[in-house]
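Derivation of every value follows stated rules applied to the coordinates shown; laboratory data play no part. Predicted model only: the values in this text are computed from it and were never measured. Note that we place each Cβ from the backbone using ideal geometry, even for glycine, and neighbour counts take in every protein chain shown.
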2 protein chains.
Amino acid sequence: MKLTSKGRYAVMALVDLARFDNINPVSLRDISLRQGISLDYLEQIFSKLRKKEIVQSVRGTQGGYVLNRKAKDIKLTNIFDAVDEKVKTVQCKKESKKGCNGKSTKCLTHNLWDELENHINNFFKEKSLEDLVKDNSERRL
Amino acid sequence: MKLTSKGRYAVMALVDLARFDNINPVSLRDISLRQGISLDYLEQIFSKLRKKEIVQSVRGTQGGYVLNRKAKDIKLTNIFDAVDEKVKTVQCKKESKKGCNGKSTKCLTHNLWDELENHINNFFKEKSLEDLVKDNSERRL
DNA sequence: TATAAACCTGACTAAAATAGTCAAGTATCA
DNA sequence: TGATACTTGACTATTTTAGTCAGGTTTATA
Ligand code: FES
Ligand code: FES
């Protein structure tokens, strides 16, 4: 089980953005330089974040991105959802009554993986961008 | 983030094994048929489980595998560890003081991913094979 | 009004990981 | 002595990841 770079970068970039997002939009170029993430890759990521209304874009010179809601109202779940970083513990379709290997019933461990998925998702539902920014400035003291 | 088939199969197979493991060893062929997992793949998996002393093998006709410890003493952690299904939320080396993209310090989100990793691993540390077998027979009532 | 900064879009690709298969054994029971 | 079942190691197709690349459009400001 591993977290992909896309998901990790999305959160990293948003924490960076949230810290500098006062009045002026923050450019991807700045984030790219500060966080060491490829600019082209960031553009892919922010395109998705924008479509899911997590950030707003400001075009033109001096443009950049701004948070579209308050940091405390942006949960990790929202971010991961936006960039398609989803937790997947099973192969079988959840809706379907069929099991993993085309079997007619759910397998012996299906319930376990469901629990696991919930366990992980709960973590993502609780953490907000605000928490992360705070965590970070506290550590700095 | 997703769980690989190898990890899922390992647990599936062991739950199956634990249920039938009374006096006689259980053959991979039986597990393969019951669970719909390729025999060759199961062999790879059990080879690892044996090396980590989670199961014992009995060669020859009527041979198969037997649990090497009590079901309640086999945790998910042990199983995943044996088959190299590890939780990895970061790229950076944990021991090193360096950050993800070759930076000299840990990044803004490093601490978060550490928390996440622990959160997930805690789940694995708690669940034992016995729990899974019980869960399953209860559901059957 | 020209120019540069910054967003925007879609296609492309190298490398890694996954999910197996395949082949050729060895051990043991009946 | 045959059948069953474990043992080992190499091999491979497919998918996913982690980007790159090329070519735009928009807008502030000098
Ligand atoms: S995991 Fe859903 S049926 Fe096996
Ligand atoms: S995750 Fe460890 S430094 Fe970024």
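Which residues, counting only those in segment B:67-85, are hydrophobic (A, V, I, L, M, F, W, C) and within 9 Å of another protein chain (Cβ to nearest Cβ)?
B:L76, B:F80
Restricting to segment A:103-122, give me the number of residues that are more than 8 Å from every other protein chain (Cβ to nearest Cβ) and touching a Gly at 6+ places or on another chain (Cβ under 6 Å).
2
Here's the yes/no breakdown for (1) within 8 Å of DNA strand C (Cβ to nearest atom); (2) closer than 28 Å to B:G102 by Cα; (3) of a type outside the set (G, A, S); (4) in contact with a strand residue (DSSP E or B) (Cβ under 7 Å, 6 or more places away or on another chain):
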position	(1), (2), (3), (4)
A:F20	no, yes, yes, yes
A:D40	yes, yes, yes, no
A:K51	yes, no, yes, no
A:V58	yes, no, yes, yes
A:T61	yes, no, yes, no
A:G64	yes, yes, no, yes
A:K70	no, no, yes, no
A:I74	no, no, yes, yes
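If we scan segment A:81-88, do we find a residue that is among the aliphatic types (A, V, I, L, M), in contact (Cβ under 8 Å) with a residue 12 or more places away in the chain and more than 30 Å from B:S32 (Cβ to Cβ)?
Among the residues of segment A:81-88, at least one is among the aliphatic types (A, V, I, L, M), in contact (Cβ under 8 Å) with a residue 12 or more places away in the chain and more than 30 Å from B:S32 (Cβ to Cβ), which makes the answer yes.
Test B:K2 against the criterion of being of a type outside the set (S, T, Y), in contact with a Lys or Arg (Cβ under 6 Å, 6 or more places away or on another chain) and either closer than 30 Å to A:Y9 by Cα or within 9 Å of chain A (Cβ to nearest Cβ) (or both), and give yes or no.
Yes: the conditions hold for B:K2.
Among the listed residues B:K88, B:K75, B:K52, B:K48, which satisfies the condition of being within 16 Å of ligand 2 (Cβ to nearest atom), of a type outside the set (F, W, Y) and out of contact with any His (no Cβ under 7 Å at 6 or more places or on another chain)?
Only one candidate qualifies: B:K88.
Do we have A:C100 as within 14 Å of chain B (Cβ to nearest Cβ), free of Cβ contacts under 8 Å to residues at least 60 places away in the same chain and more than 10 Å from DNA strand C (Cβ to nearest atom) here?
no
Quick check on this structure: which one of B:K93, B:K125, B:K88 is within 16 Å of DNA strand D (Cβ to nearest atom) and either at the interface with chain A (Cβ under 8 Å from one of its Cβ atoms) or under 23 Å from A:N121 (Cα atoms) (or both)?
B:K88
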